[in-house]
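Note sheet for the following structure.
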Amino acid sequence: MKIYGTTLWLSVVLLECQPMALAQEHFHYMPTKIGWHEAVHDGVKEPRLEPKDYFPKPKNGHTYVVAHRGAHQGIPENTLAAYRKAIELGCDFVEIDVRKTKDGRFVSVHNATVDAYVEGESGKVGDFTLAELKQMKLGKRLGPGWEHEKIPTLEEILQLCRGQIGIYLDLKEPHVKELVAIIQRYGMEREVIWYIPAWYMKAIKEVKKYSYRTFPMPDPGSKENIAKVVKSVQPRVLATDMGKLNEDYMKIAKKYNVKVIVDEDAGTEEEWKKILQWGTDGIQTDHPAKLIEFLKAREMEK
């Protein structure tokens, strides 16, 4: 009877799993703990399961606010202090620039060298160990109040941001597998969007290969490339800049149900109005406090 019961239980489980197997096989769904992720329909008529949208909702009305290099007005950029300020303001994401040290640790520094950030030091980030970088007084140029700010590691940033703010990861160097592993350790795969130019298609596909929970954010360049990029990697979000963004760009993106985050240029209210008029979903800004005030005022006008 025990064997019979086990056999019957297995039969029931197999029958119940058939629709899921069909959905995954024919629609290329990747299973998650709760739902299904990133579906691609290929013409099969079996019943379709609706994918769960794990992309976070904006905190400030309908527009994502990305603090470029953190909220760094009067604060050393790419530091934990700049990221804390972005959290305090209520930004949706902080932008981090990831580079690898000489001894294999990941840190957030925008430039390839430390020359612009530290007095009396010169050289590439990758030529220094983490210990050497941590000795540098990153904020000294902004005054005595910031002289103890250090170049942060990726782990320190993840610890600070987890559950409080998303991360816009600017992939300066293509160490995808290692970065995914670190992000997975913190359980933050769905809290990170990966900025990668679309011509680095290998890196985009690696992000998806090592974790189907991640959000690659390719930059397709001109609007003519959007359809090709979307069909190739099915992103939830695209990145662009003001040199490429226009009303037609957004019409194509909306046709494919893809969100768009743009890098501001002037960072003025006039520019923000134009960006929102076109239906853009998010703005990467050097002025997050002003942008949030602007968005709140617009919401009150409605």
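Calculated FRET efficiency, Asn246 and Gln135, Cβ-Cβ r, R0 51 Å, to nearest 0.05?
Numbers: r = 47 Å, r/R0 = 0.91.
Efficiency, from the Cβ-Cβ distance: 0.65.
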Practice task
Hey, can you grab everything whose amide H is under 5 Å from the amide H of Asp241? Only 5+ residues off in sequence or another chain; H modelled, so Pro and N-termini drop out.
Solution key: Asp263
Handout entry: Separation in nanometres of the label points that stand 7 Å from Cα toward Cβ, at Arg236 and Glu178
Key = 2.7
Problem - Per DSSP, loop GluC sites (Glu not before Pro) in segment 71-141 with at most 12 further Cβ within 10 Å - result: Glu119
Practice task
For each of Ser108, Ser211, Ser222, Ser232, count neighbouring Cβ atoms within 10 Å of the residue's Cβ, then give the residues from fewest to most.
Solution key: Ser222, Ser232, Ser211, Ser108
Fill in the blank from the handout: Here the FRET efficiency for Leu160 versus Tyr54, based on Cβ atoms and R0 = 30 Å and rounded to 0.05, is 0.90
Completion exercise
From fewest to most C-beta neighbours within 10 Å, the residues Arg213, Arg236 line up as Arg236, Arg213
Practice task
Neighbouring Cβ atoms within 10 Å as the yardstick, rank Ile252, Ile167 fewest first.
Solution key: Ile252, Ile167
Problem - FRET efficiency estimate (nearest 0.05) - Cβ-Cβ, Met300 to Lys274, R0 30 angstrom - result: 0.90
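Just so you know, all these numbers are worked out from the coordinates, no wet-lab data involved. Here the structure is a predicted model, which means the values were calculated and not measured. With ideal geometry, Cβ positions are generated from the backbone for all residues, glycine too; neighbour counts draw on all protein chains shown.
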